Amino acid sequence: MKVSTNSRLNIQPASKPFAQRLRTTAFFGVICLSLSAPAFAAFETLNPGTSETPGLQLNTGTGGIAGIVIDAQDSLFNLSSDFQGVLRSMVVDTGLGYDFYYQVLNTGTDPGTGAEIFRMKTIGGFAGLSLSATYRTDLTGLDVTNFPTGPAGGAGAYAVGTKSIHSADRDEGTLGSVGFDFSPSHFLLDPANVQPGQTSMIAVVRTNVSSYATVNADVSGNGTARIASFAPVPEPQAVAMIALGVAVLARRRTRRC
């Protein structure tokens with residue numbers, strides 16, 4: 001699996017104190033998330049064990065979330081005329097870590113019953129992380145210099161959609177997954193879902209990690225499409241520290257025997 005890191009993306013690396021803190025917390029298997037900045041007050045803490053239903057309701061979204069889009073991809077799906085669309089996935093560097101953005105465009109042409117999209121979720125990617133979530137109501141502060149019109153061959157320029165994100169969850173059905181519902185019903189036949197020709201607002205998951213990879217995602221409507229998206233992965237230094245800790249403990253046990 002190809003992993004992108006700060007050095008390969010030619011962006012400023014995290015400060016040494018932050019890297020040291022990250023390695024230390026990763027050694028114990030937990031990465032803590034700082035939510036102290038007042039500009040991020042609209043983010044909601046998404047605790048482990050937040051079930052798929054009912055999930056954590058996101059009462060208000062937020063605009064003006066600063067950050068630079070450092071990677072983006074558009075994943076198309078086309079199961080039928082009444083279930084097709086695009087999942088947009090972006091990685092945004094905030095200077096303190098990466099935010100992960102997800103947006104659904106419903107390009108279906110059949111306005112009949114059951115043509116809407118009611119849910120999207122990653123398949124893994126967020127295991128062991130403390131997270132917060134919100135959705136964007138405008139694009140103020142988002143630097144798209146590297147991707148001014150979206151990914152090559154994708155859905156075009158970025159735009160905030162009209163359909164709000166109702167709730168977020170830590171899907172217990174797949175460890176490490178993060179999901180978003182567009183309506184309280186968590187199923188089809190709800191006007192709040194993303195209808196044909198409509199676009200969701202952008203769901204945002206905040207982390208303080210600074211590496212990522214491609215994982216699968218599910219988009220649910222009149223069927224389920226499994227496609228590609230971005231999600232965080234452990235820092236290479238953190239993986240090395242964990243491996244070293246395991247080796248040291250094993251060695252100590254061997255000496256005691």
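Any read-out appearing in this document is the output of simple, stated calculations on the displayed coordinates, not a laboratory observation. Owing to the predicted nature of the structure, the values given are computational and were not obtained by experimental measurement. Cβ sites come from the backbone with ideal geometry, for glycine too, and all protein chains shown count toward neighbours.
Assuming R0 = 25 Å, can you tell me the calculated FRET efficiency for the pair THR45 and SER185, based on Cβ-Cβ distance, to the nearest 0.05? Don't skip to the end; give the middle numbers.
Numbers: r = 24 Å, r/R0 = 0.98.
Taking R0 as 25 Å, the efficiency between THR45 and SER185 is 0.55.
Give the residues of segment 161-199 whose amide nitrogen is closer than 19 Å to a point set 7 Å from the Cα of ASP110 in the direction of its Cβ.
187-191, 193-198
For a protection proxy built on the mean count of beta-carbon atoms within 10 angstrom, sort 142-151, 49-58 highest first, please. Show your work: numbers first, answer last.
Details: 142-151: 14.6, 49-58: 16.1.
Going from most to least packed, we get 49-58, 142-151.
Would you pull out the residues with amide H under 5 Å of HIS166's amide H, same chain only if 5 or more places away, H placed 1.01 Å from N?
ASP181, PHE182, SER183
For segment 167-187 and segment 82-154, what is the separation of their Cα centres, given in Å?
Between the Cα centre of segment 167-187 and that of segment 82-154, the gap is 14 Å.
What order, most packed first, do the peptides 199-211, 176-188 have when packing is the mean number of other Cβ atoms within 10 Å of each residue?
Numbers: 199-211: 23.6, 176-188: 21.1.
Per-residue Cβ counts within 10 Å, averaged per peptide and sorted highest first, yield 199-211, 176-188.
Estimate the FRET efficiency between THR149 and SER81 by the formula 1/(1 + (r/R0)^6), using the beta-carbon distance for r and 30 Å for R0, to the nearest 0.05.
Numbers: r = 27 Å, r/R0 = 0.90.
Once the sixth-power term is evaluated, E becomes 0.65.
Suppose each label sits 7 Å from its Cα in the direction of the beta carbon; what would the THR140-ALA213 distance come out to in nanometres?
Label at THR140, label at ALA213, 3.8 nm between them.
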